[in-house]
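Student: Pasting a structure here, questions to come.
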Amino acid sequence: MSTEKLRIDKYLWAIRVFKTRTLATKAIDEGKVKMNGASLKPSKVVGIGDVYDIKTPARKWTIEVTGLLHNRVGYEEAIKYYVDKTSEEDQQMNKYTGSSFYTGKRLSKTGRPSKKQRRDLEDFMDTE
């Protein structure tokens, strides 16, 4: 199996970092996947022991390849093919961003005013 070639985009899709190969390819093209600080091409061949830095919309990862996986499998199986070496600093940031971003809801007291806030503002503007 070590003599077989496996593209980085297919590997990242197979270990469930990205939902589709298209998203994996797009992220690699945009420079969000790096090896030793250098950007890659989607056709880069993956080798066991390679370490990649990955930025996804939800989090930052640093992974080391421990096995080659050619087909997408369940999460429990996929995690056996890499070691998560994400730094403590990035893990803390992932927790923060995970709790505040990408929830589909706005943070409290941001964005458009509520109906009550709008009425209070209109009353304030009318009194001057």
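Student: Could you tell me which of I48, T22, V33 has its Cα farthest along the dipole of the range 1-50 towards the positive end, charges placed at Cβ (Lys, Arg +1; Asp, Glu -1), taken about the Cα centre?
Tutor: T22
Student: For V83 and R118, compute 0.36 nm times the residue count separating them, minus their Cα-Cα distance, and round to one decimal in nm. The partial results should precede the final answer.
Tutor: Numbers: separation 35, 0.36 × 35 = 12.60 nm, distance 5.08 nm.
Working it through step by step, the gained length comes to 7.5 nm.
Student: Under a cut-off of 17 Å between alpha-carbon atoms, report the aspartates and glutamates in cross-link reach of K115, not counting same-chain residues fewer than 8 places apart.
Tutor: Answer for K115, where 17 Å is the Cα cut-off: D123, D126, listed by chain and number.
Student: Between M125 and N71, 0.36 nm times their residue separation minus their Cα-Cα distance comes to what?
Tutor: Difference between extended and current length: 13.2 nm.
Student: Could you calculate, for the range 1-64, the ratio of the Cα radius of gyration to the Kirkwood radius, expressed as Rg to Rh? Write out the running numbers ahead of the final one.
Tutor: Working: Rg = 10.8 Å, Rh = 11.6 Å.
That ratio is 0.92, to two decimals.
Student: How much net charge surrounds G67 when only the other residues with a Cβ under 13 Å from the Cβ of G67 are counted, with Lys and Arg +1 and Asp and Glu -1? Present the calculation step by step, with values, prior to reporting the outcome.
Tutor: On the way: positive: K80; negative: E4, D50, E64, E77.
Net charge in that neighbourhood comes out at -3.
Student: Ignoring ligands and nucleic acids, what accessible area does E122 show with a 1.4 Å probe (Å², nearest 10)?
Tutor: For E122, the solvent-accessible surface is approximately 90 Å².
The values are calculated or read from the model by the stated rules, or taken from the named source; none is laboratory data. Because the structure is predicted, anything quoted here is derived from the model rather than measured. Positions of Cβ are backbone-derived with ideal geometry, glycine not excepted, and every protein chain shown enters the neighbour counts. Heads up: the accessible areas ignore ligands, DNA and RNA and are worked out on the full protein's heavy atoms, side chains in. Shrake-Rupley method; radii C 1.70, N 1.55, O 1.52, S 1.80 Å.
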